[in-house]
Amino acid sequence: MEVVIRKDESSVAALVADAVDRLARAKPDAVLGVATGDTPIPLYRELARRVDAGAIDLSRFRVVMLDEYLGLPAHHDQLYRRFVEQEVIGPLGIDPDRLYGPDSTARGEQVDRAALHYDTLLTRLGVDLQILGIGSDGHIGFNEPMSSLASRTRIKTLTEQTRRDNSRFFHGDLARVPTHVLTQGIGTILDASHVVLVATGVGKAAAVAAAVEGPVTARVPASALQLHRHVTVAVDEDGASELRYVDYYRHTYDNKPDWQGL
Ligand code: F6R
């Protein structure tokens, strides 16, 4: 795993935007996997800024979602698809037809079929770059602690803690927060060619340290990324504050040849 420590959230965003830019130049129709949540917003805004300035063209990208709620009406404003449309698809000038995600309208027995369908689609498309956030308990996507490290896209039951955390988006009303989601599995995420985990703020420091320097364990789903051949962990100083080998990470990155990119 390569750990890159930048001063603050905006320098992390610029670093990852450079990697997206590089990908777009090498492969204009690349498949970009996007996370929702607060962490990647500065990255998406930085990319939008570059698109507006005419510095990059991402219009041919295909965008794939990491996870989605089940049980909400098709046009609900808290569907993750809405977030991706508003923060990624619109601002980056990508045709909405190029956005793929799990079918949030699946019910009952259709749910397993919808999960398999999305997983198969991801395998067919092949994700070039997957952006991830991390939960303070080490989750990635909606793979909570004790998720199988080999899991594929499937239905998951949200923990009470995650539902409470997310109730802020549902007028603080826990009862309105869905109990189930469809999420890329950990094994599915590991199929991406390049995974970039973005973590900023002191609230993520313990999870980052456990994921990067702890044992590979289902207790910390993000630790499975240690098994991937190309992972970049992009953190700010606060997010890096519990890492032990910071001098090594800084030294390695400072001496990295420019041509290598992330
Ligand atoms: C988002 C997702 C989650 C978040 C994680 C961190 O699609 O799957 O794993 O990345 O919960 O969320 P934030 O960035 O809001 O702290």
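The values are calculated or read from the model by the stated rules, or taken from the named source; none is laboratory data. Quick caveat: nothing in here was measured; it's all calculated off a predicted structure. Counting neighbours? That spans all protein chains shown, and the Cβs are built from the backbone with ideal geometry, glycine included.
Listed values, structure above:
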read-out	value
Qualifying residue in region 255-262 (condition: away from the ligand (no atom under 13 Å from the Cβ) and within 17 Å of ILE140 (Cβ to Cβ))	no
Residue list for region 122-154, filter: farther than 25 Å from LEU262 by Cβ, among the hydrophobic types (A, V, I, L, M, F, W, C) and in contact (Cβ under 8 Å) with a residue 40 or more places away in the chain	PHE142, MET146
Enumeration of residues in region 68-93 that are more than 23 Å from THR162 (Cβ to Cβ) and touching a Leu at 6+ places or on another chain (Cβ under 6 Å)	ILE89, LEU92
Matching option when the condition is in contact (Cβ under 8 Å) with a residue 60 or more places away in the chain, within 24 Å of ASP236 (Cα to Cα), crowded, with 19+ Cβ neighbours inside 10 Å and β-branched (Val, Ile, Thr), among VAL31, VAL84, VAL12	VAL12
Top-ranked residue in region 34-55 [being crowded, with 20+ Cβ neighbours inside 10 Å and among the β-branched types (Val, Ile, Thr); ranked as nearest to the chain's Cα centre (by Cα)]	VAL34
Test: residue in region 127-141 that is within 15 Å of the ligand (Cβ to nearest atom), crowded, with 21+ Cβ neighbours inside 10 Å and more than 25 Å from ALA211 (Cβ to Cβ)	no
Output for region 39-55, where each listed residue is in contact (Cβ under 8 Å) with a residue 40 or more places away in the chain and either away from the ligand (no atom under 16 Å from the Cβ) or not in a helix (DSSP H, G or I) (or both)	THR39, PRO40, LEU47, ALA48, VAL51
Per-region count, region 207-241, residues more than 23 Å from LEU43 (Cα to Cα), surrounded by 15 or more Cβ atoms within 10 Å (Cβ to Cβ) and among the charged types (D, E, K, R)	1
Selected residue [at pLDDT below 95 and farther than 26 Å from ALA224 by Cβ] from GLY37, GLY54, GLY71	GLY71
Residues that are within 14 Å of the ligand (Cβ to nearest atom) and in contact with a Leu (Cβ under 9 Å, 6 or more places away or on another chain), drawn from region 10-38	VAL12, ALA13, VAL16, LEU32, GLY33, VAL34, ALA35, THR36
Filter result for ARG164 (within 12 Å of the ligand (Cβ to nearest atom), modelled with pLDDT under 95 and not β-branched (Val, Ile, Thr))	no
ALA26 vs. criteria surrounded by fewer than 22 Cβ atoms within 10 Å (Cβ to Cβ) and not acidic (Asp, Glu)	yes
Residue in region 86-95 that is acidic (Asp, Glu), away from the ligand (no atom under 15 Å from the Cβ), farther than 21 Å from THR200 by Cβ and part of a loop (DSSP other than H, G, I, E, B) present	yes
Failed item, numbered, when VAL208 is tested on (1) in contact (Cβ under 8 Å) with a residue 60 or more places away in the chain; (2) more than 17 Å from ARG244 (Cβ to Cβ); (3) not charged (D, E, K, R)	(2)
From the options THR157, THR162, THR105, residue that is buried (at least 18 other Cβ atoms within 10 Å of the Cβ), of a type in the set (S, T, N, Q) and without any contact (Cβ under 8 Å) to a residue 60 or more places away in the chain	THR162
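Yes or no, residue by residue, for (1) assigned to a helix (DSSP H, G or I); (2) touching a residue at least 40 places away in the same chain (Cβ under 8 Å); (3) touching a strand residue (DSSP E or B) at 6+ places or on another chain (Cβ under 7 Å):
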site: VAL235; (1), (2), (3): no, yes, yes
site: ASP238; (1), (2), (3): no, no, no
site: TYR249; (1), (2), (3): yes, yes, yes
site: TYR253; (1), (2), (3): yes, yes, yes
site: LYS256; (1), (2), (3): no, no, no
